[in-house]
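Notes for the one structure printed next.
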Amino acid sequence: MPGLFGMLTLEPGAPLNRESHSALLDEMADRLQHVGLEKMQLWADWQSGVAVARIGPAELLHPSWPAEEGPSEPRSSDSDRGTPLFFLDGVLHPDSPTPQDLIREADPSDAEIARRLEGFWSGVCYRPGARERRLSVLVDRRSQRQLFWIVQDGILYFAPEVKALLAVPGIDRSPDPAALGVFFASGFLLADQTFFPAVRRLEGGTLLTVADHEPRVERYADYRFTVEGDGTPYPEICALLGERMREVVARNYTDPGRDLVFLSGGKDSRIILASAVGAAGDASKVRAVSWTSNDPQPGSDVFIAQQLASDLGVDLQVIRRTTDGYHSKSLRLTYVLDGLTDVGAFHGEELHLMSELEEQGARKVLRGDQCFTRGRSMLSPAYAILRMCIRSTSGLADGRSSWRSGAYEKICTAGDALLEALAAEYADIQEDNTGDEVYFRHRLQGYLNSAVYFKLLYFDHRNPLLDERMLRLIQRLSIAARREQKVLNEAGALEFPEVWGKYPFAERSNLEDFVDLLAKDTPVRRAVRAELDDRDSAAWDFLDREALIHRLESLRSSGGSAGWRSKLKKAVKNTVAKAVYDIPAIDVRLRGHYLRRETRDDEVLLRALTLKHVFDLFVTGDGSRAAYESKLARLEHPHD
């Protein structure tokens, strides 16, 4: 995955070993090369104990890079300090100042530089000095260019993927029980979590600074709300929001011939599509892409996307997702994403699809996520966290059955403590604001961003509805305006009538029914069964292999999602939900009960599959390309 990586000795004056640490950087770079399009750039001052590198598709390494190697010259006005160097990965908007501009103007703090940059980026600021030096590792407000870090034997290491840090000698690869429990129940980890306690992810809006021998994380930007907003009259803020959405899409959609819009039947992507048409000035120049695993049915994402594209005159390409090669494709994407989400298991085909789009000439993609309150009023901070699908295995109705007894107690105790600490952070914050803040901080950064990361292997990826200008405007809104996306719906209807009122929003997706695929003889079922039949895995020290096999076989006998039990359960659930929808107090409590306790069969089995890959690749395996290729060879040639 593209990004910045490197190292810094914590003790000023302590050098890096040029031979061994250069070899380590090469190994880290090897683990970060996934598609063969990457180029590596390096700046190092070995004697001063610092090295910073950047890797990514050569065509997308836009920001300038300092000279390949060597210390910066001291300033004549301050013999103890050299000129600050700023290493940038990603993209800045044309109207954003550059770090170099800011440094030349006033030599601001690293936090102030981060606050003033606008775009999708990560950075490293190094301030050399004879007696004191300072290095900061920074990510943008959304952490869409992710960075992880660890301190080992007096050296800070950082990289955009966990596996690159696992190349550092001596790292403890024992899995974190809290991470295992949260992942199994939620399908992702919290914003700063990994499966290894010593390896942390840098949250959006934060920077990691090393000064005075110690690394510390500090926040430079908060995504916080007030109950009443900033007092702007509602009609005015509603009109402004519509204008702002069109503005930020135009800011990011600059080359209709090579920019793609990923289109579904929802709100976000139709806003982006309509704005792209306005920016292009000619709908026929706009290219959009949707994908499906089946023939689009009325009310589904792709069915509505086709109607929207046809009505506007947009060129829409519909790509068919298949489960052919599921085992190797899901393994590959899980390896790329370090197994931090279940995206590899549910969307393994998409990495292959990105490769096909890159071969067709696409260079930038625009995709929609937005940050407006989902649903009704939250009952409490704890419920708001649960509503964002963050939960512990201890609350699941059948969570115990998937784990070995000793492991179950460990992951539940650790996971419960983690989520109690998270709820305590929001104890004094209004519960609806808690929901929005937890969504942005953990759901977006811990889960939805994983759908961004692997696209960066091929493209300049933009999420315009998370542009800084949008985020600042959303923070001005009151709870009443944000709740149930009221202001988004009204601004959309006002600004984009051509796509808002004519077609409904999608009621169902066109993606795979994994419960059905697990019940039948399909590549998905065969992949899960093959991994469960592999007795030689440290995963079974935690997960109960026999119980998972029983669950998989029970799906076959019950008929999966097409079986009568599944259909009856779904019908009862939908009937009850409709009956209590107009009684909010009961509705939210019922939703809370379901969110806390229920897991689908495909969630259990595919998350277990992901955890099995994590253990094989990163716990007993060392995270190297050799570990990945060895596991791939075993699944492709099981009898060799």
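From the list Arg142, Arg134, Arg127, exactly one residue is open to solvent by 10 Å² or more (accessible area, probe 1.4 Å), over 14 Å from Gly6 (Cβ atoms), at pLDDT below 95 and touching a Gly at 6+ places or on another chain (Cβ under 9 Å). Which is it? Walk me through how you get there before you give the answer.
On the way: Arg142 fails: open to solvent by 10 Å² or more (accessible area, probe 1.4 Å); Arg134 fails: touching a Gly at 6+ places or on another chain (Cβ under 9 Å).
From the options Arg142, Arg134, Arg127, the qualifying one is Arg127.
Please go through region 361-376 and give me each residue that is in contact with a helix residue (DSSP H, G or I) (Cβ under 6 Å, 6 or more places away or on another chain) and either closer than 19 Å to Phe225 by Cβ or at pLDDT below 90 (or both), ordered by number.
Within region 361-376, Gly368, Asp369, Gln370, Cys371, Phe372, Thr373, Arg376 meet the criteria.
Evaluate region 381-388: report whether one residue or more is touching a residue at least 24 places away in the same chain (Cβ under 8 Å), assigned to a helix (DSSP H, G or I), under 21 Å from Gly446 (Cα atoms) and among the basic types (Lys, Arg).
Pass one, region 381-388, residues touching a residue at least 24 places away in the same chain (Cβ under 8 Å): 381-388.
Retained after the next criterion (residues that are assigned to a helix (DSSP H, G or I)): 381-387.
From what is left, the residues that are under 21 Å from Gly446 (Cα atoms) are 381-387.
Subset that is among the basic types (Lys, Arg): 387.
Yes, some residue in region 381-388 is touching a residue at least 24 places away in the same chain (Cβ under 8 Å), assigned to a helix (DSSP H, G or I), under 21 Å from Gly446 (Cα atoms) and among the basic types (Lys, Arg).
Restricting to region 597-634, and then to whatever is surrounded by fewer than 15 Cβ atoms within 10 Å (Cβ to Cβ) and hydrophobic (A, V, I, L, M, F, W, C), can you tell me which residue is modelled with the highest pLDDT?
Step by step, filter region 597-634, then rank; the result is Ala626.
For region 407-426, which residues satisfy the criterion of being closer than 19 Å to Ser380 by Cβ and either basic (Lys, Arg) or assigned to a loop (DSSP other than H, G, I, E, B) (or both)?
Tyr426
Does Val314 satisfy being open to solvent by less than 10 Å² (accessible area, probe 1.4 Å) and not hydroxyl-bearing (Ser, Thr, Tyr)? First the steps, then the outcome.
Working: open to solvent by less than 10 Å² (accessible area, probe 1.4 Å): no; not hydroxyl-bearing (Ser, Thr, Tyr): yes.
The answer is no for Val314.
Hey, Arg115 hits all of (1) closer than 22 Å to His213 by Cα; (2) at pLDDT 95 or above; (3) open to solvent by 10 Å² or more (accessible area, probe 1.4 Å) but one; which does it fall short on?
(1)
Looking only at residues in region 518-563 that are β-branched (Val, Ile, Thr) and assigned to a helix (DSSP H, G or I), which one is surrounded by the fewest Cβ atoms within 10 Å (Cβ to Cβ)? Before the answer, list the steps.
Filtering region 518-563 down to residues β-branched (Val, Ile, Thr) leaves 522, 524, 528, 549.
This time we only want the ones that are assigned to a helix (DSSP H, G or I), so: 524, 528, 549.
Values: Val524: 26, Val528: 29, Ile549: 15.
Once the filter is applied, the top-ranked residue is Ile549.
Among the numbered criteria (1) surrounded by 16 or more Cβ atoms within 10 Å (Cβ to Cβ); (2) of a type in the set (A, V, I, L, M, F, W, C); (3) out of contact with any strand residue (DSSP E or B) (no Cβ under 7 Å at 6 or more places or on another chain); (4) assigned to a loop (DSSP other than H, G, I, E, B), which one does Ala274 miss?
Result: Ala274 fails condition (4) only.
Determine which member of the set Ser300, Ser330, Ser290, Ser310 is in contact with a strand residue (DSSP E or B) (Cβ under 6 Å, 6 or more places away or on another chain) and either of a type in the set (Lys, Arg) or farther than 20 Å from Val249 by Cβ (or both).
Numbers: Ser330 fails: in contact with a strand residue (DSSP E or B) (Cβ under 6 Å, 6 or more places away or on another chain); Ser290 fails: either of a type in the set (Lys, Arg) or farther than 20 Å from Val249 by Cβ (or both); Ser310 fails: in contact with a strand residue (DSSP E or B) (Cβ under 6 Å, 6 or more places away or on another chain).
Answer to the check: Ser300.
Specify the residue that is most open to solvent (accessible area, probe 1.4 Å); the eligible residues are those in region 461-488 that are in contact with a Phe, Trp or Tyr (Cβ under 8 Å, 6 or more places away or on another chain) and among the charged types (D, E, K, R).
Here the answer is Arg462.
Might you check whether a residue that is buried (at least 16 other Cβ atoms within 10 Å of the Cβ) and over 24 Å from Asp460 (Cα atoms) occurs anywhere in region 280-294? Steps first, answer last, please.
Here is the first cut: in region 280-294, the residues buried (at least 16 other Cβ atoms within 10 Å of the Cβ) are 280, 283, 285-293.
Retained after the next criterion (residues that are over 24 Å from Asp460 (Cα atoms)): 293.
Checked region 280-294: at least one residue is buried (at least 16 other Cβ atoms within 10 Å of the Cβ) and over 24 Å from Asp460 (Cα atoms).
For Ala491, are the conditions met, namely being under 30 Å from Ala276 (Cα atoms) and open to solvent by less than 10 Å² (accessible area, probe 1.4 Å)? Working first, answer last.
On the way: under 30 Å from Ala276 (Cα atoms): yes; open to solvent by less than 10 Å² (accessible area, probe 1.4 Å): yes.
When the stated conditions are applied, Ala491 passes them.
Taking the options Pro63, Pro108, Pro97, Pro71, name whichever one is in a loop (DSSP other than H, G, I, E, B), over 34 Å from the mean Cα position of the chain (by Cα) and either within 25 Å of Gly204 (Cα to Cα) or at pLDDT below 90 (or both). Let's see the steps before the verdict.
Details: Pro63 fails: over 34 Å from the mean Cα position of the chain (by Cα); Pro108 fails: over 34 Å from the mean Cα position of the chain (by Cα); Pro97 fails: over 34 Å from the mean Cα position of the chain (by Cα).
Checking each option against the conditions leaves just Pro71.
Specify the residue that is farthest from the chain's Cα centre (by Cα); the eligible residues are those in region 145-167 that are in a loop (DSSP other than H, G, I, E, B) and crowded, with 21+ Cβ neighbours inside 10 Å. I'd like the intermediate steps shown before the answer.
Pass one, region 145-167, residues in a loop (DSSP other than H, G, I, E, B): 145-147, 153-154, 160-161, 166-167.
Going one step further and asking which of them are crowded, with 21+ Cβ neighbours inside 10 Å, we end up with 145-147, 160-161, 166-167.
On the way: Arg145: 9, Gln146: 8, Leu147: 12, Pro160: 12, Glu161: 12, Leu166: 20, Ala167: 23 Å.
Among those that are in a loop (DSSP other than H, G, I, E, B) and crowded, with 21+ Cβ neighbours inside 10 Å, it is Ala167.
I need the helices (runs of 4 or more DSSP H) fully contained in region 441-517, keeping only those with at least 2 residues that are of a type outside the set (Ser, Thr, Tyr) and within 26 Å of Leu312 (Cβ to Cβ).
Details: elements: 450-453, 468-474, 479-482, 486-495, 497-500.
Because the criterion is at least 2 residues that are of a type outside the set (Ser, Thr, Tyr) and within 26 Å of Leu312 (Cβ to Cβ), the helices (runs of 4 or more DSSP H) in region 441-517 that meet it are 450-453, 468-474, 486-495, 497-500.
If the Cβ limit is 6 Å and pairs must be 6+ apart or interchain, which residue in region 228-254 that is surrounded by 15 or more Cβ atoms within 10 Å (Cβ to Cβ) pairs with which residue that is of a type in the set (Lys, Arg)?
Hits for this filter: Gly229/Arg476; Val248/Arg469; Asn252/Arg462.
The values are calculated or read from the model by the stated rules, or taken from the named source; none is laboratory data. Predicted, not measured: the structure shown is a model, and the values here were computed from it. Glycine gets a Cβ as well: all are built from the backbone with ideal geometry, and neighbour counts include every protein chain shown. We work out accessible area using only protein heavy atoms, side chains counted, and drop any ligands, DNA or RNA first. Shrake-Rupley method; radii C 1.70, N 1.55, O 1.52, S 1.80 Å.
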